[in-house]
Each structure stands twice: as C-alpha cells, then as structure tokens.
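Asks: The structure is given below, and queries will be raised subsequently.
The values are calculated or read from the model by the stated rules, or taken from the named source; none is laboratory data. Quick caveat, the model's predicted, so the values are computed rather than measured. Here the Cβ positions follow ideal geometry from the backbone for every residue, glycine too, while neighbour counts run over all protein chains shown. Quick note on the areas: whole protein, heavy atoms, side chains included, nothing else; ligands and nucleic acids left out. Shrake-Rupley method; radii C 1.70, N 1.55, O 1.52, S 1.80 Å.
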Amino acid sequence: MLAAVVHRTGGPSALSVEDREPPSPGVGEISIDVAYAGVGFVDTLLRSGAFPLATPFVPGIEVTGVVRAIGAGVEGFSVGQPVAALLNDFGRVQRAGGYAQVAVAHSSLAVELPGGADLPRITSALVNGVTAWMALRDIARVDSADTVVVPGSGGGLGGTTVRLAALLQCHRVVGVVSHDPTRAPAECTDVVLTRDLEAWLGAGESVDVVIDSVGRPLRQLLFDHLAPFGRLVVLGNASGADVALSSDAAWHATRTVTGLSLGRIAHSHSDAVRAALRAVVDLVASGNLAEPAPDIEPLTRVRAVHEAIADRTAPAKTVLDVAR
C-alpha cells in the first residue's frame, strides 16, 4: 500500500510517500481500506515532534472507507461495510496511520456510515466535529440562554464549533477572526475582529461560554469577562503561547476553566467519544450540520498540504484522496 511516513520528525519535508506492508487488525480492531483521510493542525504537531511518537509513523487521525478485515472479539462490523473512524487513541497504543491506503482502528472508535454518504465532507468533520460536540455538550453544557464566543472561528475547528453552537440553538454565537470578517461562518450572530474584542467586551457584552483553541492574546481577556457561572473550555493552543489563569479569579468570579484533549481520552472514554462521533456523522450525513466541502488533494501532495497549514494559506479543511 502507499502511505505518507515520517521517519524523522521535522517540517513538511519529513513526510515521504512510499510503499509499506498493509497493517492487520488485532484484538478489538478493524482494518479499513481508506478512501479519504482528514488533514488537521494536530497532524502537523505529530509530524514536527511536538508529541512523542516513535518513528517511523504514519500521521492521520480521521478516515472514512470500508472495512477490510475484522480482528478477534469485534462485533457489529462486516467486511465491505462503509465506516468512519478516529485513530487518535494514543493512550491505548501508538495509533494514527490515516495517511495510508489501509489503516487500523479500534472498533470502539468506528461507526457505520449511511449509504450514499458524502465521504470527503464527513471525513473533514470527524475530529473537529467530535471535539466541538463534546466541548459544547459534555463540558460546557450549553443551552438556549448562552452567549458563546469562539476565537479562531475562521479556521476548521472554530468554524465547526460555531455551526454546532448555532445548531444547538445557543442565544448568541460570536465569531472572533483575526482580520477578515468574511472568514467567519454565516451562522455567527456577531463577528468581532481580534483588535476590536477588548472594546466589544468593554461595552458590557456578557459572555457565558468561550470555546478556545487559539490561546494568546485573547484567552486571558475572555476569561476576565466571563459572566458568573461562565465556562472557558480550552481545546488547544494554536498561538503557541500558554496563559496562566488565576484560580483565585475563577473562585471570586464564579467561573470555570476546563480542557479537552481528545487524544488523551479516546481510549479511556471511548463510549463518550463514539457517541459524539455517531452524532456528528449523522448530522453531517443528514445535512443538518452544514459543513463546507473540503479541498481534496491526492496523497502524493501531502507535503504541500502541510506547507499550506504552516504558512496559513490552507483552506479551513483539506482531505487526502489516498487512492489518487
């Protein structure tokens, strides 16, 4: 099979498309003939060595395709069945492996796809959708009275978070973008530029929930303006600059700060992750979650896709057609 392999971590040039032996499923696992593999920011962190994976490895934590083979102890799947799967259960084994024509997933992190499903669109929504769904539903527990603020709403994760918050009928969904308001999803009730956010908050706007994958310079500012019982959910740190938030400030203002790292809980809380995966797949397949169509590139252009993410010229989401 063809796979994009990292032999030594580094920049996009560390990705090498080459022939490898197809993997076989172990106990509790299925192998998948991959149709599409999603490309996300986490993949660039894996490739660069930000997370300790033994080399050589194949990045790619979200795929769609059909079941190729079934390991011992697996029920509910059959060979040839169309599926979507997450490959980020790093606490169980060294997983990933999506940038390949055959991948192995744990059966607890795979779901059947409906007939005629739009595979590229579903692939593009898997990790971002599950992350956003769990952040909004399981952690922030949003309701129709909440004003939700999403920094980085022009990106893949931020955009999906905005669309899900709107679908969950939050009172207001505020997208924060760096410079171009047209990059914010149409589902935003308000769009605020980064440079204007402090003034917007200073005008007395109330914030109940912040879903933040960006970090500085906005995390501290938004935390300081959370309403009583407000919730800040940290999903990442794309800025690369961490923020030390005061526990006394959380106490005095009756606010909470919570994190969600999908790759750290996928193995230990697979039931919750799979429930979110099922929900997201069904919402996208039905058209209720109107995720934009991703860019589609062949596996052989994986370096160029990673370069575009690095220089911030990438579209909100790209998927790899591994058969091309």
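Asks: Identify, please: which residue in segment 155-188 is of a type in the set (Val, Ile, Thr) and in contact with a helix residue (DSSP H, G or I) (Cβ under 8 Å, 6 or more places away or on another chain) and is, among those, farthest from Pro315 (Cα to Cα)?
Replies: Selected residue: Val173.
Asks: Here is a further query. Could you figure out which of (1) touching a helix residue (DSSP H, G or I) at 6+ places or on another chain (Cβ under 8 Å); (2) of a type in the set (A, V, I, L, M); (3) within 21 Å of Gly240 (Cα to Cα); (4) open to solvent by less than 20 Å² (accessible area, probe 1.4 Å) isn't true of Ile30?
Replies: (3)
Asks: Looking for whichever is charged (D, E, K, R) and out of contact with any Pro (no Cβ under 8 Å at 6 or more places or on another chain) here; the options are Asp321, Asp311, Asp295. Which one fits?
Replies: Answer to the check: Asp311.
Asks: For the subset of segment 208-226 comprising residues that are among the hydrophobic types (A, V, I, L, M, F, W, C) and either at pLDDT below 95 or outside any strand (DSSP E or B) (or both), which member is nearest to Leu260 (Cα to Cα)?
Replies: Here is the first cut: in segment 208-226, the ones among the hydrophobic types (A, V, I, L, M, F, W, C) are 209-211, 214, 218, 221-223, 226.
Then keep just the ones that are either at pLDDT below 95 or outside any strand (DSSP E or B) (or both); that gives 214, 218, 221-223.
Values: Val214: 13, Leu218: 18, Leu221: 20, Leu222: 18, Phe223: 17 Å.
Among residues in segment 208-226 that are among the hydrophobic types (A, V, I, L, M, F, W, C) and either at pLDDT below 95 or outside any strand (DSSP E or B) (or both), the one nearest to Leu260 (Cα to Cα) is Val214.
Asks: Taking into account only those residues within segment 147-176 that are farther than 21 Å from Phe223 by Cβ and either without any contact (Cβ under 8 Å) to a residue 60 or more places away in the chain or more than 18 Å from the chain's Cα centre (by Cα) (or both), which is most open to solvent (accessible area, probe 1.4 Å)? Step through it out loud before you land on a result.
Replies: So the first thing to find is which residues in segment 147-176 are farther than 21 Å from Phe223 by Cβ, and the list is 154, 156, 159-160, 163-164, 166-169.
Filter again for either without any contact (Cβ under 8 Å) to a residue 60 or more places away in the chain or more than 18 Å from the chain's Cα centre (by Cα) (or both), leaving 166, 168-169.
On the way: Ala166: 36, Leu168: 43, Gln169: 135 Å².
Per the criteria, the residue is Gln169.
Results for (1) β-branched (Val, Ile, Thr); (2) open to solvent by 40 Å² or more (accessible area, probe 1.4 Å); (3) touching a residue at least 12 places away in the same chain (Cβ under 8 Å), shown as yes or no for each residue.
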site	(1), (2), (3)
Val280	yes, no, yes
Leu283	no, no, yes
Ser286	no, yes, no
Ala290	no, yes, yes
Ala293	no, yes, yes
Thr300	yes, yes, yes
Arg312	no, yes, no
Pro315	no, yes, yes
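Asks: If the requirement is being over 16 Å from Thr147 (Cα atoms), touching a residue at least 60 places away in the same chain (Cβ under 8 Å) and either in contact with an Asp or Glu (Cβ under 6 Å, 6 or more places away or on another chain) or open to solvent by 70 Å² or more (accessible area, probe 1.4 Å) (or both), which of these qualifies: His252, His179, His267?
Replies: After ruling out the rest, the residue left standing is His267.
Asks: Can you work out which of the residues in segment 165-182 that are of a type outside the set (Asp, Glu) and part of a loop (DSSP other than H, G, I, E, B) is modelled with the lowest pLDDT? Show your work before the answer.
Replies: Within segment 165-182, the subset of a type outside the set (Asp, Glu) is 165-179, 181-182.
Those still in the list that are part of a loop (DSSP other than H, G, I, E, B) too: 168-171, 178-179.
Working: Leu168: 97, Gln169: 97, Cys170: 97, His171: 97, Ser178: 89, His179: 86.
So the residue we want is His179.
Asks: Which of the strands (runs of 3 or more DSSP E) contained wholly in segment 47-141 include at least 3 residues that are under 14 Å from Ala276 (Cα atoms)? Quick ask: steps written out before the conclusion?
Replies: Numbers: elements: 62-70, 82-86, 102-106, 110-112.
In segment 47-141, 82-86, 110-112 are the strands (runs of 3 or more DSSP E) which contain 3 or more residues that are under 14 Å from Ala276 (Cα atoms).
Asks: Consider segment 84-120. How many of its residues are open to solvent by 20 Å² or more (accessible area, probe 1.4 Å), of a type outside the set (Gly, Ala, Ser), farther than 23 Å from Val17 by Cβ and at pLDDT 95 or above?
Replies: Looking only at that region, the number is 3.
Asks: Quick check: is even one residue across segment 134-144 in contact (Cβ under 8 Å) with a residue 12 or more places away in the chain, open to solvent by less than 20 Å² (accessible area, probe 1.4 Å) and of a type in the set (Ser, Thr, Tyr)?
Replies: no
Asks: Somewhere in segment 227-235, is a residue part of a loop (DSSP other than H, G, I, E, B), closer than 19 Å to Val174 by Cα and open to solvent by 20 Å² or more (accessible area, probe 1.4 Å)?
Replies: Among the residues of segment 227-235, at least one is part of a loop (DSSP other than H, G, I, E, B), closer than 19 Å to Val174 by Cα and open to solvent by 20 Å² or more (accessible area, probe 1.4 Å), which makes the answer yes.
Asks: Let me ask you something else. Quick one: in segment 7-21, of everything that is of a type in the set (Gly, Ala, Ser) and not in a loop (DSSP other than H, G, I, E, B), which residue is least open to solvent (accessible area, probe 1.4 Å)?
Replies: Only one residue tops the list, namely Ala14.
Asks: Of all residues being among the hydrophobic types (A, V, I, L, M, F, W, C) and either out of contact with any Asp or Glu (no Cβ under 7 Å at 6 or more places or on another chain) or in a loop (DSSP other than H, G, I, E, B) (or both) in segment 305-324, which is modelled with the lowest pLDDT? Just the residue, please.
Replies: Ranking the qualifying residues of segment 305-324, first place goes to Ala323.
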